[in-house]
1. Given the criterion in contact with a Ser or Thr (Cβ under 6 Å, 6 or more places away or on another chain) and closer than 13 Å to ILE175 by Cα, identify the matching residue among LEU204, LEU230, LEU224.
2. Restricting the search to the stretch 234-262, which residues are surrounded by fewer than 16 Cβ atoms within 10 Å (Cβ to Cβ), more than 17 Å from SER3 (Cβ to Cβ) and more than 16 Å from the ligand (Cβ to nearest atom)?
3. Restricting to the stretch 15-43, give me the number of residues that are free of Cβ contacts under 8 Å to residues at least 40 places away in the same chain and within 14 Å of the chain's Cα centre (by Cα).
4. Please list, ordered by residue number, the strands (runs of 3 or more DSSP E) wholly in the stretch 133-219 having 3 or more residues that are within 16 Å of the ligand (Cβ to nearest atom) and at pLDDT 95 or above.
5. Return yes or no: is LYS77 under 15 Å from the mean Cα position of the chain (by Cα), within 16 Å of the ligand (Cβ to nearest atom) and not hydrophobic (A, V, I, L, M, F, W, C)?
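The values are calculated or read from the model by the stated rules, or taken from the named source; none is laboratory data. Computed from a predicted model, the values in this text were never measured in an experiment. When we count neighbours, we look across all protein chains shown, and the Cβ atoms used for this are built from the backbone with ideal geometry, even at glycine.
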Amino acid sequence: MNSKDFFTLANGVKIPAIGFGTWQIPSGNEAYNAVTAALKSGYRHIDTALAYGNEASVGQAIRDSGIDRKEIFVTSKLPAEVKNYALAHRYAEKTMKNIGLDYIDLYLIHAPWPWNDMGADYTKQNIEIWKVMEEFYEKGSSRSIGISNFNVSDIDAILETCRIRPMVDQIKFHIGHQQQEIREHCAMNEIVVEGYSPLATGNLLHNPAIAGIAKRYGKSIAQLSIRYVLQKGALPLPKSTHPEFIGQNIDVDFEIEEEDMKFLDGLKGAL
Ligand code: A2P
């Protein structure tokens, strides 16, 4: 899997193998410039969310880029706090208005629980909300639908009751944070795993063990960490606001040898 490659979702839609993450990039110039730099560097997959507050700037940068809309894959998310059917419809429409595009490519439930009630059981509500996702998909507002931060039991609750199966689970995934059980469960159910925070929001960048390996490949720690996610079969979503980092993070067409992958796997919990 290389940066120019695609993953194929269960419904046949192709999704570029590296996405540009925009979490924590403030709306306005910062988000606009970062997305513009990402598109210039060759990214064709941009990940945002209503909760990031930057959907409008992301949409503006995409519209102004001059790149054919069909070439860009755009993801957004229903806020984690919205667990009511009617409200979910309203928020989905709000995202469409913010982004200002005729359709998006992927729409996700941001989390199985509101952030201030993390880990609580919202199974019943998620089953209700999933119907909104299905309707959003069926009317063509999004070319695919999925979930984010869902664990195995959260996924199963949807799989047991849905008409249209989730095509993606976006989870936190990086060296030292394996999420093995969820990734295996997704693989069994034809759900593509996207990994957010592939650099552990920057925490991997000063790790001497990872630095040692990266140096042998002539790559930065960021590049090695992003490549690791790809070689584990997941789709990385690196975030940066610096054009040189943005460019570097998509330039990962090299191969980490099996022995090094095993070593990096072993860093589990050691970071
Ligand atoms: P910045 O946004 O200031 O450019 P993650 O993708 O895991 O969320 O990590 C994002 C963090 O890592 C941000 O602080 C970002 O900095 C930093 N970062 C992203 N890419 C690189 C890179 N290639 N080299 C160094 N730092 C990077």
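1. Only one candidate qualifies: LEU204.
2. Matches in the stretch 234-262: GLU257, GLU258, GLU259, LYS262.
3. 0
4. 168-172, 192-196
5. yes
For (1) farther than 20 Å from GLY146 by Cα; (2) touching a strand residue (DSSP E or B) at 6+ places or on another chain (Cβ under 6 Å); (3) β-branched (Val, Ile, Thr); (4) surrounded by 21 or more Cβ atoms within 10 Å (Cβ to Cβ), each residue gets a yes or a no:
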| site | (1), (2), (3), (4) |
| --- | --- |
| ASN33 | yes, no, no, no |
| ALA56 | yes, no, no, no |
| LEU78 | no, yes, no, yes |
| ILE104 | no, yes, yes, yes |
